[in-house]
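Everything below concerns the one structure shown next.
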Amino acid sequence: MKVAVGMSGGVDSSTTVSLLQENGHEVIGVTIVTHEGGLAETAALEAAEQLRIPLHVLDFRTVFKQEVIDSFAESYYRGETPNPCVLCNRKIKFGELLKQSHRLGADYLATGHYVRKMVDETSGRWLIQTGLDAKKDQSYVLYSLSQEQIAHALFPLGDYTKEQVRDLARNRKLTAADSSESQEICFILDNNYAEYIRTTMGKDSEPGDFTDFSGRIIGRHRGLIHYTVGQRKGLGVTFGKPMFVASIDPVGNRVILGEGNDLYTDVLWATDLNWIALERLSDPLKVQAKIRYKANPAAAVLYPENNLVRVQFETPQRAVTPGQSVVFYDGPTVLGGGVIVSDKCGIRQDLLKAE
């Protein structure tokens, strides 16, 4: 079987290649250039040479900007906090890259994600499950994959811990064995989100008012792109007590502040839903839900409401953030997920006043 491996040159993708080779597969490497300043192709070329596989370097800068960067910047400009890795996996890695891998003759695209894949014998649906290493599990960022994408994906590292993968690489004398971890958002190299978004959008974010929950003005903010729900530091104003961003109102250009207890809510709404383990949600369903990548799963019940899902938690959750994804689990199995469109103040100001 011919398998394309998405290669960054790091320990995960290098070990993925080695494991597939040992299982008798014909392996080719594919790496993508997504933005200026990226160095992954250099490391990938070195790894491919050591592993003695051909490497195809694909220029995805145009499609990556259209599908990921522009969407990220526009969402941030609306006062949301998106997760670009979710979009990248759906649109780029298991979208365009999978298509290119098929054109290169590969049957499957393998990646170094720490997740497991299986098929439900009853429904026939492909499933994604959490990886063995709970600290490295990446199922959260793959909830938006389609059945077709999962069917043609391989995840050889799902049954290993990170340290076991490093040991595998060391035993095979791979030069990437002790490579450093990749950063979370690859295209913002200095972590200055506001400046990056200003440059991408070609315009600044307008200053506005800090208010409390009653609407009383308590200060001035620098522009919505400088803030995210749950933020305490960097407000630029002192209040004599700890104050946090509780909500961002893009319609009124307001940042609503509250105290620590004001950040908790037991309900959220989500849209842009994708289901993996079921075809659709038609009845209330008990799940474990994660409201961000590093969050612990929390018990909740899902309720379908037209094109939204209401997520009712057993215990209040801190800093529910519009733009982030909420992902639903049944034990280790990813049921699906969606994009959060509510915060402490409700459903995104009535879905941005119905656009």
- line: Note: segment 292-341, point scatterers on Cα, Debye, no solvent; log10 I/I(0) at q = 0.22 Å⁻¹ equals -0.89
message: At q = 0.26, 0.28 Å⁻¹, what log₁₀ I(q)/I(0) does segment 233-277 have when each alpha carbon counts as one equal point scatterer in the Debye sum?
response: -1.05, -1.12
field: In segment 185-279, GluC sites (Glu not before Pro) in a DSSP loop with at most 12 other beta-carbon atoms within 10 Å
entry: GLU279
message: Output needed for segment 1-159: three equivalent-ellipsoid semi-axes, defined as square roots of 5 times the C-alpha gyration tensor eigenvalues, in descending order, whole Å.
response: 24, 21, 14
query: Working out 0.36 nm times the residue gap between ARG125 and PHE213, then minus their Cα-Cα distance, what length gain in nm do you get to one decimal?
result: 27.1 nm
- prompt: Between LYS2 and GLN312, what length in nm is gained on full extension when 0.36 nm per residue of separation is reduced by their alpha carbon distance?
  reply: 107.1 nm
query: Quick one: if you take sqrt(5λ) for each eigenvalue of the C-alpha gyration tensor of segment 7-87, what semi-axes come out, biggest first, whole angstrom?
result: 31, 13, 10
- prompt: What residues from segment 61-83 fall in the zone where the backbone N is under 14 Å from a label point 7 Å along the Cα-to-C-beta line of TYR293?
  reply: 81-83
Extension gain (nm, one decimal) between LYS173 and GLU46, 0.36 nm per residue minus Cα-Cα: 44.4 nm
field: Partner aspartates and glutamates for LYS93 [C-alpha distance under 16 Å; skip if fewer than 8 residues away on the same chain]
entry: ASP12, GLU41, ASP59, GLU67, ASP107, GLU148, GLU184
- request: Please tell me which of these pairs span more than 30 angstrom C-alpha to C-alpha: LYS99/LYS344; LYS241/LYS294; LYS91/LYS294?
  value: LYS99/LYS344
task: With only alpha-carbon atoms counted, please give the Rg and Dmax of the chain, in Å.
output: 21.5, 67
task: Compute the Rg to Rh ratio over segment 159-315 from the alpha carbon atoms, using the Kirkwood formula for Rh, and round to two decimal places.
output: 1.07
task: Go ahead and run the numbers for FRET between LEU104 and ARG280, Cβ-Cβ distance against an R0 of 45 Å, rounding to 0.05.
output: 0.85
field: Rounded accessible area per residue of segment 1-101, 1.4 Å, Å²
entry: 41 Å²
- request: Determine the share of segment 54-148's accessible area contributed by carbon and sulfur atoms, expressed in whole percent, with a 1.4 angstrom probe.
  value: 48 percent
- request: Would you mind working out the accessible area per residue for segment 182-257, using a 1.4 Å probe, and quoting it in Å²?
  value: 53 Å²
- prompt: What fraction of the Cα pairs in segment 233-355, stated in percent, has a spacing above 20 angstrom?
  reply: 44 percent
message: Can you compute log10 of I(q)/I(0) for segment 163-221 with the Debye formula, treating each Cα as one identical point scatterer, at q = 0.14, 0.16 Å⁻¹?
response: -0.67, -0.73
message: Limiting things to C-alpha atoms, what are the Rg and the maximum Cα-Cα separation (Dmax) for segment 103-183, in angstroms?
response: 14.2, 43
statement: Rounded to the angstrom and largest first, Cα extents along the principal axes for segment 42-92 equal 47, 18, 18
query: With all protein chains present, how much of the accessible area of segment 195-313 (probe radius 1.4 Å) comes from carbon and sulfur, to the nearest whole percent?
result: 46 percent
- line: Highest mean packing first, using Cβ neighbours within 10 angstrom, the peptides 108-114, 329-335 sort as 108-114, 329-335
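The values are calculated or read from the model by the stated rules, or taken from the named source; none is laboratory data. It should be emphasised that the depicted structure is a prediction, and the values quoted were computed from it without experimental measurement. Glycine also receives a Cβ, built like all others from the backbone with ideal geometry; neighbour counts cover every protein chain displayed. Keep in mind that these areas ignore ligands, DNA and RNA; they rest on the heavy atoms of the full protein, side chains included. Shrake-Rupley method; radii C 1.70, N 1.55, O 1.52, S 1.80 Å.
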